[in-house]
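Input: a single structure, listed below in structure tokens.
The values are calculated or read from the model by the stated rules, or taken from the named source; none is laboratory data. These numbers come from a predicted model, not from an experiment. Cβ: placed from backbone, ideal geometry, glycine included. Neighbour counts: every protein chain shown. We work out accessible area using only protein heavy atoms, side chains counted, and drop any ligands, DNA or RNA first. Shrake-Rupley method; radii C 1.70, N 1.55, O 1.52, S 1.80 Å.
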Amino acid sequence: ATTVYTYTKDSKFAIRDLGHIRLSEINSRDIRDWIKSMSNLTRKTISNRMTPLRAALAMAVDDCILEYSPADKASLGKSSKGLISHDQRLSNDKIDPFSLDEISSILFSAQSKGSNTSNYFQTRIYTGLRASEASGLKWYSADGELNVDLENKIIWIRSALVCVGGKSITQSPKTASG
């Protein structure tokens, strides 16, 4: 659900800034200029804004509207020196983990709510699972595979519980590694 919202939001920037160019006429220079125009943003934000544009251009190639995707030549990778500054490659996000006192407070409060709540927060805090992964965690997968092996202290993340259109659904985790 968050991914759909992000793609929808990020696609509006491409439409706003590049929507005046006919699809058959958009070129790599247009996209590189667009990337350069985002000089006040981090590489991550620019990459996020590029994602729906890349998807749309790939569909245009699949539908034989374009021979190739002009976004392929406007990469933010190592070969794109000069497109974004070194400072832009750094995230502005500051990691702010819970202090030991905050962890103790959270776990104490969770314990007063019952063992399910306490177990949920202990698992989240001590493993670093995303909320959707912890919420979707079951002892066994739909295929009957063990997800939680207490003896060997292993948890396999094979699903995540997410909200889509107001409904909770189970889907694959965000990354292949879980």
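Structure above, values below:
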{"quantity": "So residue 172, is it out of contact with any helix residue (DSSP H, G or I) (no Cβ under 9 Å at 6 or more places or on another chain) and under 26 Å from residue 4 (Cα atoms)", "calculated": "yes"}
{"quantity": "Cross-chain or 6+ apart pairs with Cβ under 6 Å, region 49-62 first and touching a residue at least 40 places away in the same chain (Cβ under 8 Å), then in a helix (DSSP H, G or I) and surrounded by fewer than 17 Cβ atoms within 10 Å (Cβ to Cβ)", "calculated": "52/7; 52/11"}
{"quantity": "Unmet criterion (only one of (1) open to solvent by 80 Å² or more (accessible area, probe 1.4 Å); (2) over 26 Å from residue 4 (Cβ atoms)) for residue 138", "calculated": "(2)"}
{"quantity": "Residues of region 115-135 classified as surrounded by 11 or more Cβ atoms within 10 Å (Cβ to Cβ) and either in contact (Cβ under 8 Å) with a residue 60 or more places away in the chain or among the aromatic types (Phe, Trp, Tyr) (or both), total", "calculated": "2"}
{"quantity": "Members of region 141-164 that are of a type in the set (A, V, I, L, M), surrounded by 11 or more Cβ atoms within 10 Å (Cβ to Cβ) and assigned to a loop (DSSP other than H, G, I, E, B)", "calculated": "157"}
{"quantity": "Odd one out for residue 170 among (1) free of Cβ contacts under 8 Å to residues at least 12 places away in the same chain; (2) surrounded by 14 or more Cβ atoms within 10 Å (Cβ to Cβ)", "calculated": "(1)"}
